[in-house]
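Engineer: Can you read through this structure? Questions will come right after.
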Amino acid sequence: MATGLVKGLPVAVTGGADATVRVWNLTTRKPLGQPMTGHTSTVGAVAVGQVKGLPVAVTGGADATVRVWDLTTRKPLGQPMTGHTDAISAVAIGRVSGRPIAITGGQDGMVRVWDLTTRKPLGQPMTGHTGTVGSVALGQVNNRPVAITGGAGDAVRLWDLSTRKLLGQPMSRDPSNVFSVAAGQVNGRPVAVTGSWDATVRVWDLTTRKPLGQPMTGHTRPVFAVAVGKVNGRPVAVTGSWDATVRVWDLTTRKPLGQPMTGHTQPIEEVTIGEVNGRPVAVTGSLDTTVRVWDLNSYTR
């Protein structure tokens, strides 16, 4: 799941087990047009960005393909991008040397970089993970574009996107599977926030590749979704868990903000942060087949 703007309209883009991709108007909370079809199996990874000024979504499916969609027309751009040999579980969009790119991670253990203008792979896959790459995020360290990846029973890794090489040693191993990762800044310091099987949320200093403080605790089941943003100028993380709750964390103090937000009845597997009518919101997707929008100023639906 991801949020963005289409002709000034705040939207969320979701992928589902029905192999479709849907665009939602966040103001009315209604779908825009018909579902976008083309994948032949579950769509488990979605990112939103721009290519040549055009709002696009990039999706990854269990059919091992990566697809690019024009969000204005809700039509595919070109042919599917292929190269992964198993289901794609994570995707992120960013820029390297001014070029729009997508980063994907899959159950084949590979991390791939794609040129979104040509829809071709950039170089060889980045390898090192020993299992599924379940999460990918983009950030910057010392003005260098980087990718942060987390895997099943594996380390959190940091990659230089200019060279597509691992930066230093893998970050200290999380004691369990890393299912989600997001990148941001705290007091001018680049950080990554990860959620894992052990129900903890961790903050990592990307310059030193070390954890900041102790894990943030409160969820009672695995944390499958993490997003990073700002609320009233304060850097926050929003997390979704298999315990069906949504939590907001102050990244400066690493303490929870308010009470857990409830409403979903099944595990939460997706979360993203956006804005509707000038208000910061979180959008969550759950195995209960609903998408919910939460007001981050008041921590309510």
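Engineer: Inspect all residues belonging to region 132-153 and state whether any of them is over 24 Å from residue 248 (Cα atoms), open to solvent by 60 Å² or more (accessible area, probe 1.4 Å) and part of a loop (DSSP other than H, G, I, E, B).
Structural biologist: Yes, the conditions are met somewhere in region 132-153.
Engineer: Given the conditions (1) among the small types (Gly, Ala, Ser); (2) at pLDDT 95 or above; (3) surrounded by 20 or more Cβ atoms within 10 Å (Cβ to Cβ), and given that residue 274 satisfies all but one, which numbered condition is not satisfied?
Structural biologist: (2)
Engineer: Does residue 258 satisfy the condition of being of a type in the set (Gly, Ala, Ser) and part of a strand (DSSP E or B)?
Structural biologist: No: the conditions fail for residue 258.
Engineer: For residues that are within 18 Å of the chain's Cα centre (by Cα) and without any contact (Cβ under 8 Å) to a residue 60 or more places away in the chain, scanning just region 246-271, find the one that is most open to solvent (accessible area, probe 1.4 Å).
Structural biologist: Per the criteria, the residue is 269.
Engineer: Taking residue 31 as the residue in question, decide whether it is more than 21 Å from residue 240 (Cα to Cα), open to solvent by 50 Å² or more (accessible area, probe 1.4 Å) and free of Cβ contacts under 8 Å to residues at least 60 places away in the same chain.
Structural biologist: The answer is yes for residue 31.
Engineer: A further question follows. Just to be sure, is residue 113 touching a residue at least 24 places away in the same chain (Cβ under 8 Å), among the hydrophobic types (A, V, I, L, M, F, W, C), touching a strand residue (DSSP E or B) at 6+ places or on another chain (Cβ under 9 Å) and more than 25 Å from residue 21 (Cβ to Cβ)?
Structural biologist: Taking the combined requirement at face value, the residue does not satisfy it.
Engineer: Looking at the structure I just gave you, is residue 213 farther than 28 Å from residue 167 by Cβ and not in a strand (DSSP E or B)?
Structural biologist: no
Engineer: Here's a check for you: in region 73-119, which residue that is part of a loop (DSSP other than H, G, I, E, B) and among the hydrophobic types (A, V, I, L, M, F, W, C) is farthest from residue 155 (Cα to Cα)?
Structural biologist: 77
Engineer: Give just the number: which of (1) over 16 Å from the mean Cα position of the chain (by Cα); (2) farther than 29 Å from residue 9 by Cα does residue 234 not satisfy?
Structural biologist: Against the list (1) over 16 Å from the mean Cα position of the chain (by Cα); (2) farther than 29 Å from residue 9 by Cα, residue 234 comes up short only on (2).
Engineer: Restricting to region 63-81, what's the tally of residues that are in contact with a strand residue (DSSP E or B) (Cβ under 8 Å, 6 or more places away or on another chain), under 12 Å from residue 39 (Cα atoms) and polar (S, T, N, Q)?
Structural biologist: Number of matching residues: 1.
Engineer: Scan region 17-29 residue by residue and report those that are farther than 16 Å from residue 7 by Cα and part of a strand (DSSP E or B).
Structural biologist: Answer for region 17-29, where residues must be farther than 16 Å from residue 7 by Cα and part of a strand (DSSP E or B): 21, 22.
Engineer: Considering only residues of region 187-202 that are out of contact with any Pro (no Cβ under 7 Å at 6 or more places or on another chain) and either free of Cβ contacts under 8 Å to residues at least 12 places away in the same chain or not hydroxyl-bearing (Ser, Thr, Tyr) (or both), which is nearest to residue 218 (Cα to Cα)?
Structural biologist: Restricting to residues being out of contact with any Pro (no Cβ under 7 Å at 6 or more places or on another chain) and either free of Cβ contacts under 8 Å to residues at least 12 places away in the same chain or not hydroxyl-bearing (Ser, Thr, Tyr) (or both), the top hit is 195.
Engineer: For region 248-300, name all the residues that are among the basic types (Lys, Arg), touching a Gly at 6+ places or on another chain (Cβ under 8 Å) and over 22 Å from residue 46 (Cβ atoms).
Structural biologist: Once the filter is applied, which keeps residues that are among the basic types (Lys, Arg), touching a Gly at 6+ places or on another chain (Cβ under 8 Å) and over 22 Å from residue 46 (Cβ atoms), region 248-300 yields only 254.
The values are calculated or read from the model by the stated rules, or taken from the named source; none is laboratory data. Everything quoted here is computed from the prediction, not taken from an experiment. Here Cβ is always computed from backbone atoms with ideal geometry, including for glycine, and neighbour counts include all displayed protein chains. With ligands, DNA and RNA removed, areas are computed over all heavy atoms of the protein, side chains included. Shrake-Rupley method; radii C 1.70, N 1.55, O 1.52, S 1.80 Å.
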